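The values are calculated or read from the model by the stated rules, or taken from the named source; none is laboratory data. Note that the coordinates shown come from a computational prediction; the quantities given were computed from them, not determined experimentally. Neighbour counts run over all protein chains shown; Cβ positions are idealised from the backbone, glycine included. Just the protein is used for accessible areas: all its heavy atoms, side chains included, with ligands, DNA and RNA removed. Shrake-Rupley method; radii C 1.70, N 1.55, O 1.52, S 1.80 Å.
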Amino acid sequence: MNSLKILLIEDNPTLARQTGEFLEGHGWQVDFAGNGRLGLKLALEQVYDLVLLDLNLPDMDGVELCRQFRQRATVTTPVLMLTARDAFDDKALGFHSGADDYLCKPFDPRELALRCSALARRRELHRNDEIRIGALQVRGRGREAERDGQPLRLTAITFNILWELACAYPEPLSRAELCHRIWGDNPPDSDALKSHIYSLRRQLDRPFASPMLRTISNIGYRLEQPGEG
């Protein structure tokens, strides 16, 4: 499993530290939030591969947090709920609020790691479908893309960049996040990303009347349909 970027929303500092250290031992990056409001803010502003959500938070119930995240987020990040509530009705409420999985405390951290890997793989399988953004079509399985019916001649890396931007659409991806998604924990220098972005623009934008790849100042890049800017 490639490096995962995980958000852990847990108000118990000891449990958060122990869980985070175990997950980081797998080479995964873990961000922490000790309350619901901060957790929701991070989940909406950052792009994560997985959210681990405690239900008993001091300022916002985890079920409500998950419900708001599903209503407001533009990405379909998997949510794994962590809680001591083990009654069927509690689990049903969690799933109905938008959770993808449910793990009762106390849990074996090895089981947590397995569930994280499974949810991440499931997300990748779901992302293998075709993405359409106006006249742009990107096909994950065949690693093909076309605009206005014209095939785009992309390298492996320029396709990966286009795919990640298409998955994030209409939200932008920061340069740091894009580098992390393409190269993991060993990104090249910033000039390498600029070079690949330039190559992608030559295929995606230059032959057409309106550009789709937009640079967002001090942030990164996003795809947009003509007239959206």
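Solvent exposure of LYS5, expressed as accessible area, is near 20 Å², computed with a probe of 1.4 Å over the protein chains only.
Using the alpha-carbon positions of the stretch 136-176, Rg (one decimal) and Dmax (whole number) come out as 10.4, 32 Å. Among the DSSP helices (H) of the chain, none spans at least 30 angstrom by Cα along its long axis with an average Kyte-Doolittle hydropathy of 1.0 or more; this is a geometric and hydropathy rule only. Of the residues ARG202, ARG67, ranked by 1.4 Å probe accessible area with the largest first, the sequence reads ARG202, ARG67. Against the criterion of solvent-accessible heavy-atom surface with a 1.4 angstrom probe, ASP129, ASP31 sort, most first, into ASP129, ASP31.
Annotation for PHE107 and GLN71: the two label points, set 7 Å from Cα along the Cα-Cβ direction, are 2.6 nm apart. Taking all protein chains together and rolling a 1.4 Å probe, VAL79 ends up with roughly 0 Å² accessible. Heavy-atom accessible surface of ARG143, to the nearest 10 Å², is about 110 Å², with a 1.4 Å probe and all protein chains retained. For the chain, the convex hull drawn through the C-alpha positions has a volume of 132 cubic angstrom per residue.
Note: the stretch 98-229, Cα convex hull, 143 Å³ per residue. The mean of 1/r over all distinct Cα pairs in the stretch 32-142, once inverted, gives the Kirkwood hydrodynamic radius of 15.1 Å. Computed over the chain, relative contact order equals 13 percent, with contacts defined as Cα pairs under 8 Å that lie 6+ residues apart.
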